[in-house]
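Chemist: Encoded as structure tokens, here's the structure I'll be asking about.
The values are calculated or read from the model by the stated rules, or taken from the named source; none is laboratory data. Computed from a prediction, not measured in an experiment: that's the story for all the values here. Every residue, glycine as well, gets a Cβ built from its backbone with ideal geometry; the counts of neighbours run over all protein chains shown.
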Protein chains: 2
Amino acid sequence: MSEIRLNVITGDWVVIATERAKRPEDFTKKKEKRDLPPYVPTCPFCPGNEDKTPPETYVLKDAEGKWALRCVPNKFSAFSNELEIRKERFGLKQRLTGGGLHEVIIETPIHNTTTALLPLPHVENILVAYRERMLSFYKDKRIEHVIIFKNHGEGAGTSLEHPHSQIVGTPVFPGQVMNRLGEAIRNYYYVNFGDCLYCLVLKDELRDGIRIIGENESFAAFIPYAALSPFHIWIFPKRHSACFAFITDKEISDLAFLLRDVLFRLHKGLSNPDYNYVIRSLSPNGADAKYFHWYIAIIPKVTQIAGFEMGTGMFINTAMPEESAKFLREVPVEQDNKGNGLKF
Amino acid sequence: MSEIRLNVITGDWVVIATERAKRPEDFTKKKEKRDLPPYVPTCPFCPGNEDKTPPETYVLKDAEGKWALRCVPNKFSAFSNELEIRKERFGLKQRLTGGGLHEVIIETPIHNTTTALLPLPHVENILVAYRERMLSFYKDKRIEHVIIFKNHGEGAGTSLEHPHSQIVGTPVFPGQVMNRLGEAIRNYYYVNFGDCLYCLVLKDELRDGIRIIGENESFAAFIPYAALSPFHIWIFPKRHSACFAFITDKEISDLAFLLRDVLFRLHKGLSNPDYNYVIRSLSPNGADAKYFHWYIAIIPKVTQIAGFEMGTGMFINTAMPEESAKFLREVPVEQDNKGNGLKF
């Protein structure tokens, strides 16, 4: 018997199709795995090939003074980088050119690793870079919205193996973000008597417990009650804040631990699945908004979007959120939190 | 130089990334094609295997009395089919069980064909079946919304080769449809002084002409100004109507011609790409709505959704809509409109 659950945050109905439901193991990546080398001479992100990328905008170094992380403009930016924004309107047709920012965060010099397997200080580096680049992007007055995301694996849309994420600043405010914000505002003012919907959901998830994957002082990771797809994961900060860029150092350390822990559980439990993650956040100007709450969404690429989803925006999730969370909780993890990486 | 265009109907900003732009030929399906036989003994949709599907809900026969099209309940329905709908609410958690309808439209007895290559009367059959099943679905008082769609090819999410489409009746009103409707209402009442946004867009596209693929007395097919992805196509009825189910016989005949023509151009021009199409329509109760206009969206599966699209709802289209339309207009088509299929 299937059930239809409401995702109160996205406003989407999700069909949890238990008759079609699959065991967690059924989502394990089937395709052949290649063993990658730690260094690839032709990879533009490997050390020694720094001249194959545009000059660095941000860099973090290791104890020996070698780069540990680099941010560089995306050579194949989706946006024109002319300084001037031109806006045109012909009746119903509106367009705009110029003014987008698009950078790549090269997360590590090592070609064949992944966030799930990195030492903790390295994951912290990535989050520090996210924070600094987001702050910097928003200083550009042409930028309306900044999104940070990672495409891991070919199925998730990446074209380069070397571990990297991306940050994009758009000169327009995305419609989907506006809708999400509208939903948050409506819930804050009209439905919840002035309580943040995200704070309420987090409280509810922590009380239920059955969909929690892990938590620490500053963050909780869970499969939402109405997860849009199998193993769809949210990481919420416990402190109410609408802007990721104001994350504290202590929170970065807690987030690095939990993010790596969750990605490791996916890596081991589902055999290194392709995934995307995104950081949903308002700008520093909107950081004090009472109605919005920044968070990370992780979406393993284990199923496909087709006509039904396209036509309705409804999702069919063939995994029971409570079972997926239990499965991930039970993945054996032996972590050394002192930053010497994972032992397994 | 890339530009960002506003899709006024969906409310989405689309990055037309001309620096990344590809020639139409670059979207041609590369993967090896298998020659399929016209009849597959193990296919549940092939003639002789009627007992492998649930009993027919609707059938159209040919001159010899054999079935030409069958509608059957989906054996793997996404919805429970209990008669009673149960609604539950525990704080923020809302769920509902029962009451969904899900049928498969087996479009032809022939295993190895596709809409693009069917004789015209056969395409008309498919549209007649859509109309009759939609009317029938909406007679079920539990159903809030009906969506008709087709997944063509593995990349578009189909698991069975035999030509078929699907119709789903949901006991909830989908959030995305509600948002789209809200946008339509807002435009009708506040922006356009009481003119249907869709009628205005259609008029604009016909006047511009450069994005039109084809038109006849009742319909026009075009690549929207802010197409969300390469070769994203809309077919709009010229007569304002919010509900597909009230399409006339003359309109069915005109739509069959144009739909087959467009699908043929895709088939020949891009070498049988995987695609989805959906019919966006209100219910018969909403047929007279002045602000909404039913239409068909065709989305070839030639690119991938990744973190940026997920996080913003913005799209990056690497094809220039005007060039894609020109490419499709120039695909040589020699059609016999008398219903004897396509000659090529």
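Chemist: Run down B:ALA297, B:ALA287 and say which single residue is among the hydrophobic types (A, V, I, L, M, F, W, C) and at pLDDT below 95.
Modeler: Numbers: B:ALA297 fails: at pLDDT below 95.
Exactly one residue qualifies, and that residue is B:ALA287.
Chemist: Let me ask something additional. Mind checking which residues of the range B:206-246 are within 12 Å of chain A (Cβ to nearest Cβ), under 13 Å from B:ILE9 (Cα atoms) and of a type outside the set (Ser, Thr, Tyr)?
Modeler: Within the range B:206-246, B:PRO224, B:ALA226, B:LEU228 qualify.
Chemist: If B:PHE27 meets every condition in (1) more than 30 Å from A:ARG95 (Cβ to Cβ); (2) in contact (Cβ under 8 Å) with a residue 40 or more places away in the chain; (3) of a type outside the set (A, V, I, L, M) apart from one, which number is that one?
Modeler: Condition (1) is where B:PHE27 drops out.
Chemist: Quick check on B:PRO224: is it closer than 25 Å to A:ARG180 by Cβ, touching a strand residue (DSSP E or B) at 6+ places or on another chain (Cβ under 7 Å) and at pLDDT below 95?
Modeler: Here the answer is no, as B:PRO224 does not meet what is asked.
Chemist: Here is a follow-up. Which one of these is acidic (Asp, Glu) and under 30 Å from A:GLU88 (Cβ atoms): A:ASP208, A:ASP140, A:ASP195?
Modeler: Answer to the selection: A:ASP140.
Chemist: If I filter the range A:166-182 down to residues being outside any helix (DSSP H, G or I) and either of a type in the set (Ser, Thr, Tyr) or facing another protein chain (nearest Cβ under 9 Å) (or both), which single residue comes out as farthest from A:GLU322 (Cα to Cα)?
Modeler: Among residues in the range A:166-182 that are outside any helix (DSSP H, G or I) and either of a type in the set (Ser, Thr, Tyr) or facing another protein chain (nearest Cβ under 9 Å) (or both), the one farthest from A:GLU322 (Cα to Cα) is A:PRO171.
Chemist: Which residue, of B:ILE252, B:ILE298, is among the β-branched types (Val, Ile, Thr), away from chain A (no Cβ under 14 Å), touching a residue at least 24 places away in the same chain (Cβ under 8 Å) and surrounded by fewer than 23 Cβ atoms within 10 Å (Cβ to Cβ)? Walk me through how you get there before you give the answer.
Modeler: Values: B:ILE298 fails: away from chain A (no Cβ under 14 Å).
Of the residues listed, the single one that is among the β-branched types (Val, Ile, Thr), away from chain A (no Cβ under 14 Å), touching a residue at least 24 places away in the same chain (Cβ under 8 Å) and surrounded by fewer than 23 Cβ atoms within 10 Å (Cβ to Cβ) is B:ILE252.
Chemist: Another one. Using beta carbons and a limit of 8 Å, which pairs, at least six apart or on different chains, have the first residue in the range A:46-62 and touching a residue at least 12 places away in the same chain (Cβ under 8 Å) and the second one loosely packed, with under 13 Cβ neighbours inside 10 Å?
Modeler: A:PRO47/A:LYS66; A:THR53/A:LYS75; A:PRO54/A:LYS75
Chemist: What pairs come out if I take residues in the range A:195-218 that are basic (Lys, Arg) and pair them with residues that are surrounded by 19 or more Cβ atoms within 10 Å (Cβ to Cβ) whose C-beta lies under 6 Å away, six or more apart or interchain?
Modeler: So the pair list comes out as A:ARG211/A:GLU205; A:ARG211/A:PHE222; A:ARG211/A:ILE223; A:ARG211/A:PRO321; A:ARG211/A:ALA325.
Chemist: Also, I was wondering about something else. Only one of B:ARG70, B:ARG5 is at pLDDT 90 or above, within 14 Å of chain A (Cβ to nearest Cβ), buried (at least 19 other Cβ atoms within 10 Å of the Cβ) and under 25 Å from the mean Cα position of the chain (by Cα). Can you tell me which?
Modeler: Just a single option satisfies the conditions, and that option is B:ARG5.
Chemist: From the list B:ILE147, B:ILE185, exactly one residue is surrounded by 19 or more Cβ atoms within 10 Å (Cβ to Cβ) and either under 30 Å from B:ASP62 (Cα atoms) or more than 9 Å from chain A (Cβ to nearest Cβ) (or both). Which is it?
Modeler: Every option except B:ILE147 fails the conditions.
Chemist: Further question on the same structure: Specify which of the listed residues (A:ARG70, A:ARG89) is out of contact with any Phe, Trp or Tyr (no Cβ under 8 Å at 6 or more places or on another chain) and in a strand (DSSP E or B).
Modeler: The match here is A:ARG89.
Chemist: A:GLY91 - would you say it is within 14 Å of chain B (Cβ to nearest Cβ) and surrounded by 16 or more Cβ atoms within 10 Å (Cβ to Cβ)?
Modeler: Answer is no for this residue.
Chemist: Let me ask something else. Name the residues in the range A:19-41 that are of a type outside the set (Phe, Trp, Tyr) and either modelled with pLDDT of 90 or more or in contact with a strand residue (DSSP E or B) (Cβ under 7 Å, 6 or more places away or on another chain) (or both), would you?
Modeler: Matches in the range A:19-41: A:PRO37, A:PRO38, A:VAL40, A:PRO41.
Chemist: Would you call B:ASN81 surrounded by fewer than 20 Cβ atoms within 10 Å (Cβ to Cβ), within 14 Å of chain A (Cβ to nearest Cβ), within 22 Å of the chain's Cα centre (by Cα) and at pLDDT below 95?
Modeler: Against the criterion (surrounded by fewer than 20 Cβ atoms within 10 Å (Cβ to Cβ), within 14 Å of chain A (Cβ to nearest Cβ), within 22 Å of the chain's Cα centre (by Cα) and at pLDDT below 95), B:ASN81 does not qualify.
Chemist: OK, next. Among the residues of the range B:279-310, write down those that are under 30 Å from A:ARG280 (Cα atoms) and more than 21 Å from the chain's Cα centre (by Cα).
Modeler: Within the range B:279-310, B:ALA306, B:GLY307, B:PHE308, B:GLU309, B:MET310 qualify.
Chemist: Out of the residues in the range B:96-144 meeting the condition of being crowded, with 22+ Cβ neighbours inside 10 Å and in a loop (DSSP other than H, G, I, E, B), tell me which one is farthest from the chain's Cα centre (by Cα).
Modeler: Checked the range B:96-144; the qualifying residue farthest from the chain's Cα centre (by Cα) is B:GLY99.
Chemist: Scan the range A:155-168 and report the pairs whose first residue is over 20 Å from A:PRO47 (Cβ atoms) and whose second residue is of a type in the set (Ser, Thr, Tyr) and part of a strand (DSSP E or B), with Cβ atoms within less than 7 Å and a gap of 6+ or a chain change.
Modeler: So the pair list comes out as A:ALA156/A:TYR275.
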